[in-house]
Amino acid sequence: MSEVIVVTSGKGGVGKTTTSANIGTGLAMLGKRTVMIDTDIGLRNLDVVMGLENRIVYNLVDVVEGNCRMKQALIRDKRYPNLYLLPSAQTRDKTSVNPGQMIKLIEELQNDFDYILLDCPAGIEQGFKNAVAGADRALVVTTPEVSAIRDADRIIGLLEQYDLSSLHLIVNRVRQDMVRRGDMMSVDDVMDILAAPLIGVIPDDEAIVISTNQGEPLAGTNTPSGQAYLDICRRLLGEDVPLSLPNVSYGLLSRLAGLLRRA
Amino acid sequence: MDRRILISRRRSGEIARRRLKILLTTDKTGVPPETLEMLKRDLCSVVSRYMDIEPSRIEICVRPVPHEPDDAAALPSLCTVIPIKGTIVKGTF
């Protein structure tokens, strides 16, 4: 039996898809058979972040409607043979699938995978309900901003009515330099306001933009965010990994150093 | 440059935290802004029977107020600020 994890946030643009891609990659790196499901029907993105957009033949709606078998729709990752993606449909909308069908779809994958990762769409409507229906646990992604935290609070409230075994927070795009000078809420502030346990902190890191440009997730690479994602994966597996808040520098000198490294 | 802008800029994280606490309490207590507006109008008419107040500057909101010193049980409370123009109590002087 696999563990089904939904990655959600309420607000759009806080990093759900990037988080899904990197946690999926990280779990596969750690040797777990993992499948990522893009449940954002109509706005397909996880394939692009994974760099697998050219390999799509069938999608989630095709599987649900019986146009193809599950095996035909699953795309194997180019780096990790134990990592798969079930892409979403681009030309359909959220009403093409209902929560019952999602639960059935997940059941079909239960025996072949250790982890099933659901990338939830933004919002609290049908798409959210579809994604959450079959989940065992939830990862709520937020950033240290008023609007993102307000939506995360709403999502946490809505998740209470589902039968989840656990719910954890991921605070994304943290800039320790801004926290230090008092211009950004700290991770403690966010946890205090949302009253939910934390599973990881991702620093605001240029490497994420570069990785998304290239379609190569950076979990496990020698970057502050790459390490932070791998730490989250280890915690998901039950390891006790101490929390570290990496110091990413945004100054001129460090940028020069970055340029030199790349040259 | 306005000094107030500089000061508030330095503490914007704290401002965000305070705004959020108020926002979430309002979200959770389910007191919609329209209700607060109505309450404000009623309060205004009641209070102005006794005092000379500034109706345009009345502030009203629901936010957590710690009633115990340890802050653990901050209850959502109705907070109002009603600026008084004069301290003349009508009808008594």
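The values are calculated or read from the model by the stated rules, or taken from the named source; none is laboratory data. From a predicted model like this one, the values you see are computed outputs, not experimental measurements. Note: ideal-geometry Cβ built from the backbone for every residue, glycine included; neighbour counts use all protein chains shown. When the accessible area is computed, the model is the full protein with side chains, heavy atoms only, and any ligands, DNA or RNA have been set aside. Shrake-Rupley method; radii C 1.70, N 1.55, O 1.52, S 1.80 Å.
General remarks:
- Residues (more than 16 Å from A:GLN126 (Cα to Cα) and open to solvent by 50 Å² or more (accessible area, probe 1.4 Å)) located in the stretch A:32-43: A:LYS32, A:ARG33
Every residue, every condition in (1) among the β-branched types (Val, Ile, Thr); (2) in contact with a Lys or Arg (Cβ under 9 Å, 6 or more places away or on another chain); (3) at the interface with another protein chain (Cβ under 10 Å from one of its Cβ atoms), yes or no:
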{"position": "A:SER147", "(1), (2), (3)": "no, yes, yes"}
{"position": "A:SER166", "(1), (2), (3)": "no, yes, no"}
{"position": "A:ASP177", "(1), (2), (3)": "no, no, no"}
{"position": "A:ASP183", "(1), (2), (3)": "no, yes, yes"}
{"position": "A:MET191", "(1), (2), (3)": "no, no, no"}
{"position": "A:LEU198", "(1), (2), (3)": "no, no, no"}
{"position": "A:PRO203", "(1), (2), (3)": "no, yes, no"}
{"position": "A:ALA207", "(1), (2), (3)": "no, no, no"}
{"position": "A:ILE210", "(1), (2), (3)": "yes, no, no"}
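- Number of the condition not met by A:PHE113 [criteria: (1) within 30 Å of A:ASP205 (Cα to Cα); (2) in contact (Cβ under 8 Å) with a residue 60 or more places away in the chain; (3) open to solvent by less than 50 Å² (accessible area, probe 1.4 Å); (4) not in a helix (DSSP H, G or I)]: (1)
- The set of residues in the stretch A:146-172 that are open to solvent by less than 40 Å² (accessible area, probe 1.4 Å) and of a type in the set (Ser, Thr, Tyr) contains only A:SER166.
- Looking across the stretch A:116-145 at every residue that is buried (at least 18 other Cβ atoms within 10 Å of the Cβ) and of a type in the set (S, T, N, Q), the one that is farthest from the other protein chains (Cβ to nearest Cβ) is identified as A:ASN130.
- Complete set of residues in the stretch A:74-94 that are touching a helix residue (DSSP H, G or I) at 6+ places or on another chain (Cβ under 6 Å) and open to solvent by 80 Å² or more (accessible area, probe 1.4 Å): A:ARG92
- Sole exception among (1) open to solvent by less than 30 Å² (accessible area, probe 1.4 Å); (2) among the aliphatic types (A, V, I, L, M); (3) at pLDDT below 95 for A:LEU253, by number: (1)
- Consider the stretch B:13-47 and keep the residues that are among the hydroxyl-bearing types (Ser, Thr, Tyr) and surrounded by fewer than 16 Cβ atoms within 10 Å (Cβ to Cβ). The one that is farthest from A:ARG150 (Cα to Cα) is B:SER45.
- Scanning the stretch A:173-185 for residues that are touching a residue at least 12 places away in the same chain (Cβ under 8 Å) and either surrounded by fewer than 20 Cβ atoms within 10 Å (Cβ to Cβ) or in a helix (DSSP H, G or I) (or both) yields A:ARG175, A:GLN176, A:ASP177, A:VAL179.
- Helices (runs of 4 or more DSSP H) completely within the stretch A:1-87 that count 3 or more residues being closer than 28 Å to A:ASP205 by Cα: A:16-29, A:46-50
- Per the conditions (1) at pLDDT 95 or above; (2) over 18 Å from A:SER147 (Cα atoms); (3) assigned to a loop (DSSP other than H, G, I, E, B), the sole criterion not satisfied by A:ASP163 is (1).
- Within the stretch B:48-66, the set of residues being assigned to a strand (DSSP E or B), open to solvent by less than 50 Å² (accessible area, probe 1.4 Å) and either free of Cβ contacts under 8 Å to residues at least 12 places away in the same chain or within 14 Å of chain A (Cβ to nearest Cβ) (or both) comprises just one member, B:PRO64.
- Scan the stretch A:95-110 for residues that are in a helix (DSSP H, G or I) and open to solvent by less than 50 Å² (accessible area, probe 1.4 Å) and the total you get is 7.
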